[in-house]
Amino acid sequence: MSDQTEELARLRALLEVATRELDYLKRCDARLFAQPLTRERIETLPDDDDLAERVDAFVARFGRLQDTLGDKLLPAFLRAMAETPGTMLENLDRAEKLGLILSADAWIALRKLRNRMIHEYVADPNELLDALIAAHEHVDSLAASYRNLRSRLIKRFPQIDGLQ
């Protein structure tokens with residue numbers, strides 16, 4: 001298998017993973033926020049296994065999609081476009097300039113938000129609630145970043161298309 005064939009296979013695999021992760025995140029987001037998420041509901045987490053599992057799944061899926069897009073797909077995209085990936089911040093700055101993400105600063109803020117959801121889970125219900133609501137409000141921006149990356153890759157490499 002040639003280097004380009006391997007690279008295209010990796011891009012397709014990463015897009016397939018990101019597609020599934022986005023679908024899982026959206027479905028989990030819809031279930032978690034089907035009812036308003038309130039402090040009272042968050043305070044029931046120790047006794048409400050269903051809600052606790054939804055929160056855990058949402059936090060994990062939010063982080064997983066962001067990692068796949070930022071840590072794997074974006075560097076692979078840059079390599080496919082004959083660019084040399086750099087540090088995470090350099091990659092994000094480049095992605096912003098290319099219109100793939102809203103802004104590098106916003107992406108970093110989402111990464112910090114994910115960390116807040118993980119670390120505040122046990123400590124403070126208000127912090128967890130604020131972080132979950134903020135993450136919920138940014139699911140669409142992650143989805144837009146995915147669509148931008150996918151669209152640009154398929155435009156350049158139509159042979160990797162075939163995803164829903």
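The values are calculated or read from the model by the stated rules, or taken from the named source; none is laboratory data. Predicted model only: the values in this text are computed from it and were never measured. Cβ sites come from the backbone with ideal geometry, for glycine too, and all protein chains shown count toward neighbours.
Restricting attention to the stretch 81-112, the residues that are surrounded by fewer than 19 Cβ atoms within 10 Å (Cβ to Cβ) and of a type outside the set (D, E, K, R) total 16.
Taking the numbered list (1) within 30 Å of LEU45 (Cα to Cα); (2) free of Cβ contacts under 8 Å to residues at least 60 places away in the same chain; (3) not hydroxyl-bearing (Ser, Thr, Tyr) in turn, LEU142 passes all entries but (2). Has the stretch 100-118 got any residue that is of a type in the set (Phe, Trp, Tyr) and over 12 Å from the mean Cα position of the chain (by Cα)? The answer is no, given that none of the residues of the stretch 100-118 is of a type in the set (Phe, Trp, Tyr) and over 12 Å from the mean Cα position of the chain (by Cα).
Residue count for the stretch 69-123 satisfying the condition of being free of Cβ contacts under 8 Å to residues at least 60 places away in the same chain and outside any helix (DSSP H, G or I): 12.
Give me the pairs: first residue in the stretch 1-28 and farther than 13 Å from ILE154 by Cα and part of a helix (DSSP H, G or I), second residue among the hydrophobic types (A, V, I, L, M, F, W, C) and at pLDDT below 90, beta-carbon distance under 8 Å, and six or more apart or on different chains, which are they? Close Cβ pairs (under 8 Å, with a partner that is among the hydrophobic types (A, V, I, L, M, F, W, C) and at pLDDT below 90) amount to THR19/LEU163. Has the stretch 60-81 got any residue that is among the aliphatic types (A, V, I, L, M) and more than 20 Å from LEU98 (Cβ to Cβ)? Yes, some residue in the stretch 60-81 is among the aliphatic types (A, V, I, L, M) and more than 20 Å from LEU98 (Cβ to Cβ).
As a summary of the residue check, ASP23 satisfies the conditions (1) surrounded by fewer than 17 Cβ atoms within 10 Å (Cβ to Cβ); (2) more than 18 Å from LEU142 (Cβ to Cβ); (3) not hydrophobic (A, V, I, L, M, F, W, C) except for the one numbered (2). The residues listed here are LEU92, LEU153; of these, the one that is aliphatic (A, V, I, L, M) and either touching an Asp or Glu at 6+ places or on another chain (Cβ under 8 Å) or at pLDDT below 95 (or both) is LEU153. Apart from one condition, ASP47 fits all of (1) part of a helix (DSSP H, G or I); (2) modelled with pLDDT under 95; the exception is (1).
Checked against (1) in contact with a helix residue (DSSP H, G or I) (Cβ under 8 Å, 6 or more places away or on another chain); (2) part of a helix (DSSP H, G or I), GLN35 meets all criteria but (2).
Looking at the structure I just gave you, is ARG54 closer than 24 Å to TYR24 by Cα and in contact (Cβ under 8 Å) with a residue 12 or more places away in the chain? Walk me through it before giving the result.
Working: closer than 24 Å to TYR24 by Cα: yes; in contact (Cβ under 8 Å) with a residue 12 or more places away in the chain: yes.
When the stated conditions are applied, ARG54 passes them.
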